[in-house]
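Trainee: Structure in structure tokens, see below.
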Amino acid sequence: MPGMRITVTGAAGQIGYALLFRIASGAMLGDEPVRLRLLEVPAAVGAAEGTAMELVDCAFPLLESVDVFDDAGTAFDGAQIALLVGARPRGPGMERSDLLEANGAIFAPQGAAINARAADDVRVLVVGNPANTNALIAASHAPDVPADRFSAMTRLDHNRAVAQLAARTGARVGDVSRVTIWGNHSTTQFPDLAHARISGEPVAVDSSWVEDDFIPTVARRGAAIIEARGASSAASAANAAIDHVRDWVQGTSPHDWTSAGVISDGAYGVPEGIVSSFPVTSDGTGWRIVDGLEIDAFARSRIDASVAELLEERDAVRSLGLI
Ligand code: NAX
């Protein structure tokens, strides 16, 4: 059987550089051979070719091929997994509507190319920001691909929340479970510990630490990384993308869940059709929103605030004719 066809956009960027070698080494799909298809803008094709040469030079036993493209249709041809990392960053003086429009010009045609050329069982992870709304745009231009094949990355926020809780309690990261990120991958996100467990037992952490320390630390971690390293999170973002796809394809652990931006079916009062982060499990075939969790008044107000931002973004891209 030929290797899995994996398309990665923004391949010459800093996340791309941290991501591709791990995919090729087997960190994402285990022993499965892989065929990498890298998509870049024409100006960055040379740099992507340099990365492709380095991938070859690693002599990864699982890497069957690596090809570089500047055309989305060709890059997504036969793709079984698509990692949409390339996006337009916010430039100086750019309003949010300019940002949404610039990204619409990337994610609408990429969605259409996935619709036309990707494999029937394609799964798409959107990493490029604003990730939730970019995923919504891509999905809405791929009418023949079931909407639940698109997801947006909130796994980095999830992993940050797990790490913060472990540090606070002295637990091992591997003993922390059932942490949730709700809403948008932005500072309005709600990292929720109400259902969290350590070694299978409910966690007692004081609410002032959660509200005044934990939530802002997780929500503003991206900015803190930029301040410290002078560049945005790259290796941790690539690691989160690997975790997201691995759990999606191989399934989550029976006693845990993870967080991902998925198209809402109306669960937990989140309006249907927007891409919001939820607690999710996978049996290897697709994401399923965890049901039946109790949502208290504090959680409700935090979820609603982040969802309100997602609705604004949805309305903005709708009025721009992008969905
Ligand atoms: P870089 O600017 O280093 O790389 C982006 C790459 O995308 C560039 O090489 C660029 O040429 C390419 N690109 C732009 N338009 C493209 C198109 N139409 N087709 C193909 N490639 C295209 O950014 P990097 O640090 O790698 O971050 C990539 C994206 O991830 C950004 O939007 C960033 O905001 C987002 N992030 C999302 C995270 C999440 O948790 N969802 C966390 C990390 C990161 O901030």
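Trainee: For a test of the definition: using alpha carbon positions, the gyration tensor, and the 1.5 limit on a/c, classify segment 4-152 as rounded, prolate or oblate.
Mentor: Oblate, since a/c reaches 1.5 and b/c is not below a/b.
Trainee: Tell me, what % of the accessible area of the chain is carbon and sulfur with a 1.4 angstrom probe?
Mentor: 50 percent
Trainee: Want the number for Thr285 to Asp144: 0.36 nm per residue separation, take away the alpha-carbon distance, what's left?
Mentor: 49.0 nm
Trainee: If you don't mind, there's one more thing I want to ask. Extending each Cα 7 Å along its Cβ direction at Glu32 and Glu201, get the distance between those two points in nm, one decimal.
Mentor: Inter-label distance under the simple model: 3.8 nm.
Trainee: Any idea what the dipole of the chain comes to, in debye rounded to 20, about its Cα centre with Lys/Arg Cβ at +1 and Asp/Glu Cβ at -1?
Mentor: Magnitude of the dipole: close to 340 debye.
Trainee: Under the rule a/c < 1.5 gives rounded, and otherwise a/b versus b/c splits prolate from oblate, where does segment 155-314 land using the Cα gyration tensor?
Mentor: In terms of gyration-tensor shape, rounded.
Trainee: For segment 1-83, what class follows from the C-alpha gyration tensor (a ≥ b ≥ c being the square roots of its eigenvalues): rounded when a/c is under 1.5, otherwise prolate if a/b is larger than b/c, else oblate?
Mentor: Oblate, because a/c is 1.5 or more while a/b does not exceed b/c.
Trainee: While we're looking at this one, here's another question. Please figure out what share of the DSSP beta bridges in the chain is antiparallel and state it in percent, rounded to the nearest 5.
Mentor: Around 45 percent antiparallel, to the nearest 5.
Trainee: Along segment 95-105, what does the Karplus equation 6.51 cos²θ - 1.76 cosθ + 1.60 (θ = phi - 60°) give for ³J(HN,Hα), rounded to whole Hz, x for Gly and Pro?
Mentor: Along segment 95-105, the couplings run 7, 4, 5, 5, 5, 5, 5, 4, 6, x, 5 Hz.
Trainee: Whole number in Å², please: accessible area per residue of the chain, 1.4 Å probe, ligands, DNA and RNA not counted.
Mentor: I get 43 Å² per residue for this part.
Trainee: Express the relative contact order of the chain as a whole percentage, based on alpha carbon pairs under 8 Å and six or more residues apart in sequence.
Mentor: With pairs under 8 Å counted, the relative contact order is 17 percent.
Trainee: What angle, in degrees between 0 and 90 and rounded to the nearest 10, separates the Cα long axis of helix 155-169 from the longest principal axis of the Cα atoms of the chain?
Mentor: 40 degrees
Trainee: Moving to a separate point now. Going by amide H atoms built from the backbone, whose H comes under 5 Å of the H on Ala260, apart from near neighbours?
Mentor: Those lying under 5 Å, H to H, from Ala260 are Phe278, Val280.
Trainee: In nanometres, what is the gap between the two model label sites at Ala47 and Leu62, each 7 Å from Cα along Cα-to-Cβ?
Mentor: In this crude spin-label approximation the distance works out to 2.7 nm.
Trainee: Name the residues of segment 167-194 whose amide N is less than 12 Å from a point 7 angstrom out from the Cα of Glu95 along the C-beta direction?
Mentor: none
Trainee: Which FRET efficiency value, to the nearest 0.05, is calculated for Thr169 and Leu320 with the Förster distance at 51 angstrom and r the Cβ-Cβ distance?
Mentor: E between Thr169 and Leu320, to the nearest 0.05, is 0.70.
Trainee: Counting only the backbone N, which residues of segment 1-25 are under 17 Å from the spot 7 Å out from the Cα of Thr74 toward its beta-carbon?
Mentor: Only 6-12 pass the distance filter.
Trainee: Calculated FRET efficiency, Thr187 and Phe298, Cβ-Cβ r, R0 22 Å, to nearest 0.05?
Mentor: After rounding to 0.05, the efficiency reads 0.80.
The values are calculated or read from the model by the stated rules, or taken from the named source; none is laboratory data. Quick caveat, the model's predicted, so the values are computed rather than measured. Glycine also receives a Cβ, built like all others from the backbone with ideal geometry; neighbour counts cover every protein chain displayed. Protein only, heavy atoms only, side chains kept; ligands, DNA and RNA dropped before computing areas. Shrake-Rupley method; radii C 1.70, N 1.55, O 1.52, S 1.80 Å.
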